[in-house]
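Read-outs throughout are calculated quantities, based only on the coordinates presented, and are distinct from any laboratory measurement. Computed from a predicted model, the values in this text were never measured in an experiment. FYI the Cβ positions are ideal-geometry reconstructions off the backbone, even for glycines, and counts take in every protein chain you see.
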Amino acid sequence: MKLEGRCLCGAVTYAFEGSPMFVFHCHCRDCQRAGGSVVHYGLIVPEAGFTLQGELRPYTSKAESGRAITREFCPTCGSGVINRLEMAPGAVVIRGGTLDDPTVVAPTFELYARTKPAWLKTDERMRSFDAAANAPREELSWHN
Ligand SMILES: [Zn+2]
Ligand SMILES: [Zn+2]
């Protein structure tokens with residue numbers, strides 16, 4: 001599939017061609033603070049199929065696991081465009097709200113459900129984990 005997206009002001013654009021490896025929601029407090037919302041919608045994709053135009057500014061912090069996560073945002077408008085995970089070299093997490101069409105790829109699981117607000121309902125077909133550490137290894141290996 002081909003996916004395209006951009007930041008709010010349009011200074012940064014990107015395209016991805018291929019298949020996303022994982023599509024998920026994260027409700028960890030860091031994702032909530034960084035995104036200003038209660039859910040982070042992420043698509044992890046192989047970097048080989050990903051191209052980006054424009055300049056992003058990185059901010060790196062340590063996840064609960066102690067591993068680094070770098071969130072990259074447009075310095076002009078502040079939109080968070082991608083994340084990079086220490087655990088997943090060679091992959092990029094697209095922040096799905098920046099997609100030109102964020103409706104085409106559904107998430108299959110959610111992480112940190114313990115800090116998801118009770119009033120937020122998600123599709124009951126999604127697998128739900130209290131933390132990244134509780135997710136099965138194959139779903140965890142790239143996150144945090
Ligand atoms: Zn921008
Ligand atoms: Zn998170």
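Per residue of the range 44-60, what does 6.51 cos²θ - 1.76 cosθ + 1.60 with θ = phi - 60° give for ³J(HN,Hα)? Whole Hz please, x for Gly and Pro, Karplus curve as stated.
Karplus-based 3J(HN,Hα) across the range 44-60 equals 8, 10, x, 4, 4, x, 10, 10, 9, 10, x, 10, 10, 9, x, 9, 10 Hz.
Pairs of Cα atoms under 8 Å, at least six residues apart: use those to get the relative contact order of the chain, whole percent. Intermediate values should be presented prior to the final figure.
Numbers: 307 pairs, mean separation 37.6, N = 144.
Value for the chain: 26 percent.
For the chain, what number results from the quotient of the Cα radius of gyration and 2.2 N^0.38 Å?
0.98
What FRET efficiency do you get for ALA118 and LYS62 if R0 is 22 Å and r is their Cβ-Cβ distance, rounded to the nearest 0.05?
Values: r = 28 Å, r/R0 = 1.27.
The calculated FRET efficiency here is 0.20.
To make sure I understand, if each residue's beta carbon is the centre and we count other beta carbons within 10 Å, what order do ARG6, ARG67, ARG29 fall in, fewest to most?
Details: ARG6 20, ARG67 14, ARG29 11.
Going from sparsest to densest Cβ surroundings: ARG29, ARG67, ARG6.
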